[in-house]
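A quick write-up on the structure given underneath.
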């Protein structure tokens, strides 16, 4: 890794920490330069604009998410076992990720940009649509493997799985519900039981 790449990685790590707590509105080139003891011009040279920084942050978060959540799932057997690993890896990402003290960046940013048309919103929506498609495909494979019932709607399964994590974040972070993680696990078990094929 070149020095420029190392510096960019350091910038993105600090920006991820800040954005997970303060959102995109709470970060700026100047704030990051101050925290990292860099010049504004030096930091600006790595991205060119705040919008490009925000898009790079989304890409960095997505890559870290895939490494922490999707890659472990892909090592599990196809079908239900893979979905179970995916769920638990995703749960660990949501509650233990050291670079995101404010929790999942995608959850934190969704309400901030959902009604603000533009490239950053479109980029976040595209990443989330790709994730939804991957969850749907995982459900389709579970149907093919005979783990889930044949009439299961993969889109509805992905919708409900996403909903578990949105609710868990809401209860855990805003309401400080100490049982939020356990409730998420119970909701997942219920979702899997309803999806399971009868034998």
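Each reported figure results from applying straightforward, stated rules to the coordinates on display, with no laboratory input. Small disclaimer: the values here were computed from a predicted structure and weren't measured. Cβ sites come from the backbone with ideal geometry, for glycine too, and all protein chains shown count toward neighbours.
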The FRET efficiency for residue 175 and residue 37, from their Cβ-Cβ distance with R0 = 45 Å and rounded to 0.05, is 0.75
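Would you kindly state how much longer the chain becomes between residue 84 and residue 153 on full extension, computed as 0.36 nm times their sequence separation minus their alpha carbon distance, in nm to one decimal?
Stretched out fully, the residue 84 to residue 153 stretch lengthens by 23.1 nm.
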Extending each Cα 7 Å along its Cβ direction at residue 28 and residue 71, get the distance between those two points in nm, one decimal. 3.6 nm
Sequence ranges 89-95, 38-44, ranked by mean other-Cβ count within 10 angstrom, highest first: 89-95, 38-44
To the nearest 500 deg cm²/dmol, what mean residue ellipticity at 222 nm is calculated for the chain from DSSP H runs of n ≥ 4 alone, each contributing -39,500 (n - 2.57), summed and divided by the residues? -22000 deg cm²/dmol
Roughly how many Å is it from the Cα centre of segment 1-60 to that of segment 122-141, as a whole number? 27 Å
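When the convex hull of the Cα atoms of segment 10-52 is projected onto a plane and the area is averaged over all directions, what value comes out in nm²? Provide the component values of the computation, followed by the final result.
On the way: hull surface 10.5 nm².
Averaged projected hull area, Cα only: 2.6 nm².
Going highest first, how would you order 54-65, 104-115 by mean Cβ packing within 10 Å?
Numbers: 54-65: 19.3, 104-115: 17.2.
My ranking of the peptides, most packed first, is 54-65, 104-115.
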Two decimals is fine: what is log10 I(q)/I(0) at q = 0.17, 0.18, 0.19 Å⁻¹ for segment 153-199, from a Debye sum with one equal scatterer on every Cα and no solvent? -0.51, -0.55, -0.60
Under 1.5 on a/c is rounded, so check that first for segment 123-196, then, if it is not, pick prolate when a/b is larger than b/c and oblate when it is not; a ≥ b ≥ c are the square roots of the alpha carbon gyration tensor eigenvalues. oblate
Consider the candidate values (i) 9, 36, 35, 17, 4, 0; (ii) 9, 37, 40, 13, 1, 0; (iii) 8, 32, 32, 19, 8, 2, 0; state which one is P(r) over Cα pairs in 10 Å bins from 0, in percent computed from the structure displayed. (iii)
For the chain, longest principal axis from Cα atoms; helix 50-65 axis from its Cα atoms; angle between them, nearest 10 degrees, is 40 degrees
